[in-house]
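Beneath this line is the structure, given in structure tokens, with notes to follow.
Bear in mind these aren't lab numbers, they're just calculated from the coordinates by the rules spelled out. What you are looking at is a predicted structure, and each value in this text was computed from that prediction instead of being measured. Using ideal geometry, Cβ is built from the backbone for each residue, glycine included, and neighbour counts are taken over all protein chains shown.
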Amino acid sequence: MVARIVAQVLGADAIELADLTPLRDFCFVDDVVDAMVLAAKRRADDDAPTFNVASGVGVTIGELARAAAAAACRDLPVRARRTEDPTRRADIHELIADTSRIRGRAWLEPAHGARRWAASHDRMVGNSEDA
């Protein structure tokens, strides 16, 4: 989904997606790597050995598309493409992770999130001082 949105931001006159309303829990890859490394260093007998590494916050696909366009300094329309695809009816509308176990640990809190994702895409399209 993210790659499809970024491709349209960089090369299309509009962002067209099948549905703008599903809620998804996006996580920056550096947060996932940090969590894996820190969890590997913890004692094996920790009382909660299984964690969901995620933001715990739902973002609609439409919000993500608009944020990607804004990060690239492009004023693009974001619209749903009319589709009669029967598999779409089976999609889960809301996927948000329960992060209560990991958030209860002082040793790990997400540090990067959406701001870092936007900054990395700003550099990709040449919109920051670091580019």
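Quick look at the values:
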read-out	value
Theoretical gain in end-to-end length, Glu63 to Lys41 [0.36 nm per residue, Cα-Cα removed]	4.3 nm
FRET efficiency estimate (nearest 0.05) - Cβ-Cβ, Ala7 to Val33, R0 25 angstrom	0.55
